[in-house]
Amino acid sequence: MNIESSELLEHFRWKKPEEVEALFKDSKKKEEIQDEMADVLYFLLRIAQMNDIDLSDALESKLYKNNQKYPVEKFKGSHKKYNEI
């Protein structure tokens, strides 16, 4: 999965926001990015399946944990980690 994630990242690395926007307007580039996203998703789903992990439950749990670590009233507009506030 790391290799597939790296292949996805290659499309965006060192790009300015307007360059990224242009990638998605180019149908060939968009398809390449889409294919890499699908590869990452496939491996993630397969790992979850092989290890009896429900990704919907995992996401819900992680969002709850993040909400506890990063309450909106303290962190809105900040890029600091929970241990820096």
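Structure values in brief
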| item | result |
| --- | --- |
| Per-region count, segment 74-85, residues surrounded by 10 or more Cβ atoms within 10 Å (Cβ to Cβ) and in a helix (DSSP H, G or I) | 3 |
| Of all residues in segment 15-53 being out of contact with any Leu (no Cβ under 8 Å at 6 or more places or on another chain) and of a type in the set (A, V, I, L, M), the one that is most open to solvent (accessible area, probe 1.4 Å) | M50 |
| The lone exception for F12 - which of (1) loosely packed, with under 12 Cβ neighbours inside 10 Å; (2) over 14 Å from the mean Cα position of the chain (by Cα) it fails | (2) |
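The values are calculated or read from the model by the stated rules, or taken from the named source; none is laboratory data. Just so we're clear, the structure is a prediction, and the values are computed from it rather than from any experiment. Counting neighbours? That spans all protein chains shown, and the Cβs are built from the backbone with ideal geometry, glycine included. Just so you know, the surface numbers come from the protein's heavy atoms only, side chains and all, with ligands and any DNA or RNA stripped out. Shrake-Rupley method; radii C 1.70, N 1.55, O 1.52, S 1.80 Å.
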